[in-house]
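Below: one structure, written as structure tokens.
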Amino acid sequence: MKIHFPASFLWGSSISSYQLEGDNCFSDWFLWEKKKRLEPAGASTDHYRRFREDFSLANSLGHNALRLSLEWSRIVPQKGIFSDEQLKHYIDVVEDLRIKKIEPVITLHHFTNPAWFVQEGGWLKPLSIDYFLEYVRRVLAVLKDKCSYWIIFNEPLVYIYNGFIRGIWPPGIKSAKSALTALKNILKAYSLSYEVIKASYKDKPSYISIAKHMRVFTPCGYFNYGQNNIFAFLRSKLFNFRIIDNLAEKRRLDFLGINYYCREFVKAAPFLGKECRDAHHRDDKNEIGWFIYPQGLYNILMRLKKYNLPVIITENGTPGLNNEQYHDFLSTHLNSAAKALNEGVDLRGYFWWSLLDNFEWDQGFAHKFGLVEVDFSNFTRKVRPFAGEYKKIIEQNSVEI
Ligand code: IFM
């Protein structure tokens, strides 16, 4: 059966500033890489200077939308100093997208912070909210007439988990108490930013959300299934739904932005259970070791129906070893999305992660998620074959299920 996507469906891919732009030397990640001797992002894809070329590629791949983030640390490199030059850069970026008939979906915070902000105590301090709001106001002043879609925070719980519990990302803290404090401030910053953005649009439409990382939590079927099941339920409730429940209740979501990649097997352990990576799970994995589970996208989308909100898949993708792996991932996940659409989910967009190969945080450049391959020695770009298949789907605006 052929499933047609809505005529106004947003088709595109996602990128983020620190991962692609290059040379973001005022960011907390820049200092972190040095401190931890990680592979540095360095010039990355040099997207900062090559954005026009990259948007032409997106255009040639049929995109009518692109999700990108602004680098807060470029716009506010020092405390109290706002850079008109960098604001102008992002105006140029958005105008170029508009010229190419690509709808910009703007992320305001995608894991990175200005270094000065972290030195001031970052998200642990109540003042963080004021600093963030001031940045949001400055951005709105120049971009509100050019953009309608806003993602205020990307994957807040992933950021909190890696930065404040595991301590493998900046600020490198391992404390549940700090994690809760930072989360509380981030959620407050979210709600106030939502109000500021909404108010500035007055009667004009604006669509505001977060990009929420969602996982399917499957109880490990080996030993203690009953207990594992309880922990899988708990993890799903807290990780997947707690924030969404909270923001939906406060009417602070205009749509649901969902990042979906994989499932996790769960086994019982204090306090919230733990991920089971034992060899007995023979299910499909990608090269990073993520369990690929296309059916999970359908399951999650169906569970979102109860919110009665439009849904946009703001990220979905995988690194691949060959074109077949990329192709299979894309087609099976789009199949799941189409099935959910057919069963009443108000799906409005799909964004592949990512347009180009890029810097994957603590994993460096090892994993290639791009529709477009990048040779990091000379920045040349080469379209991967599966991107052509994606383009055909976009042109047909339909998939066979
Ligand atoms: O690269 C990341 C991105 O920054 C956030 N979502 C998941 C992607 C793949 O790990």
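Miscellaneous remarks
- All told, H333 meets the bar of being touching a residue at least 40 places away in the same chain (Cβ under 8 Å) and under 17 Å from the mean Cα position of the chain (by Cα).
- Answer from V374, V383, V399 - the residue that is within 16 Å of the ligand (Cβ to nearest atom) and over 19 Å from the mean Cα position of the chain (by Cα): V374
- If you go through the range 115-165 and keep only what is within 16 Å of the ligand (Cβ to nearest atom) and closer than 19 Å to T181 by Cα, you end up with I152, F153, N154, E155, P156, L157, V158, Y159, I160, Y161, N162, G163.
- Residue match in the range 122-134 (condition: crowded, with 20+ Cβ neighbours inside 10 Å and either outside any helix (DSSP H, G or I) or of a type in the set (G, A, S) (or both)): yes
Listed here are the residues, each with its yes/no results for (1) more than 16 Å from the ligand (Cβ to nearest atom); (2) touching a Phe, Trp or Tyr at 6+ places or on another chain (Cβ under 7 Å); (3) part of a helix (DSSP H, G or I); (4) modelled with pLDDT of 95 or more.
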| residue | (1), (2), (3), (4) |
| --- | --- |
| L253 | yes, no, no, yes |
| I258 | no, no, no, yes |
| H281 | yes, yes, no, no |
| L297 | no, yes, yes, yes |
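- Residue within the range 208-231 that is within 21 Å of the chain's Cα centre (by Cα), outside any strand (DSSP E or B) and away from the ligand (no atom under 16 Å from the Cβ) present: no
- Members of the range 173-202 found to be part of a helix (DSSP H, G or I) and among the basic types (K, R), listed by number: K177, K184, K188, K198
- The condition (being part of a loop (DSSP other than H, G, I, E, B) and within 16 Å of the ligand (Cβ to nearest atom)) is satisfied by just one residue among P170, P205: P170.
- Of the residues screened, T318 is one that is crowded, with 16+ Cβ neighbours inside 10 Å, within 30 Å of I168 (Cβ to Cβ) and touching a Cys at 6+ places or on another chain (Cβ under 9 Å).
- Within the range 105-128, residues that are closer than 20 Å to I15 by Cβ have Cβ atoms under 7 Å from residues that are among the basic types (K, R) in these pairs: V105/R67; T107/R67, counting only partners at least 6 apart in sequence or on another chain.
- Residue within the range 321-328 that is under 27 Å from G167 (Cβ atoms) and hydrophobic (A, V, I, L, M, F, W, C) present: no
- Residues being crowded, with 23+ Cβ neighbours inside 10 Å and outside any helix (DSSP H, G or I) - total across the range 37-64: 4
- Given (1) part of a strand (DSSP E or B); (2) surrounded by fewer than 17 Cβ atoms within 10 Å (Cβ to Cβ); (3) among the acidic types (D, E), number of the condition E264 does not satisfy: (2)
- Given (1) in a loop (DSSP other than H, G, I, E, B); (2) in contact with a Phe, Trp or Tyr (Cβ under 9 Å, 6 or more places away or on another chain); (3) not β-branched (V, I, T), index of the condition P270 fails: (2)
- Some residue of the range 33-55 being charged (D, E, K, R), closer than 20 Å to E315 by Cα and touching a Phe, Trp or Tyr at 6+ places or on another chain (Cβ under 9 Å): no
- Scan of the range 7-31 for residues that are small (G, A, S), out of contact with any Lys or Arg (no Cβ under 8 Å at 6 or more places or on another chain) and within 13 Å of the ligand (Cβ to nearest atom), ordered by number: S16
- Of all residues in the range 1-21, those satisfying the criterion of being crowded, with 21+ Cβ neighbours inside 10 Å and not in a strand (DSSP E or B) are F5, I15, S16, S17, Y18, Q19, L20, E21.
- Summed over the range 311-348, the residues that are closer than 17 Å to M214 by Cα, away from the ligand (no atom under 16 Å from the Cβ) and not polar (S, T, N, Q) give a count of 6.
- Verdict on T380 being β-branched (V, I, T) and surrounded by 18 or more Cβ atoms within 10 Å (Cβ to Cβ): no
- Summed over the range 260-279, residues that are within 16 Å of the ligand (Cβ to nearest atom) and either in contact with a strand residue (DSSP E or B) (Cβ under 6 Å, 6 or more places away or on another chain) or more than 19 Å from F233 (Cα to Cα) (or both) total 5.
The values are calculated or read from the model by the stated rules, or taken from the named source; none is laboratory data. Just so you know, these numbers come straight off a predicted model, no measurement behind them. Glycine also receives a Cβ, built like all others from the backbone with ideal geometry; neighbour counts cover every protein chain displayed.
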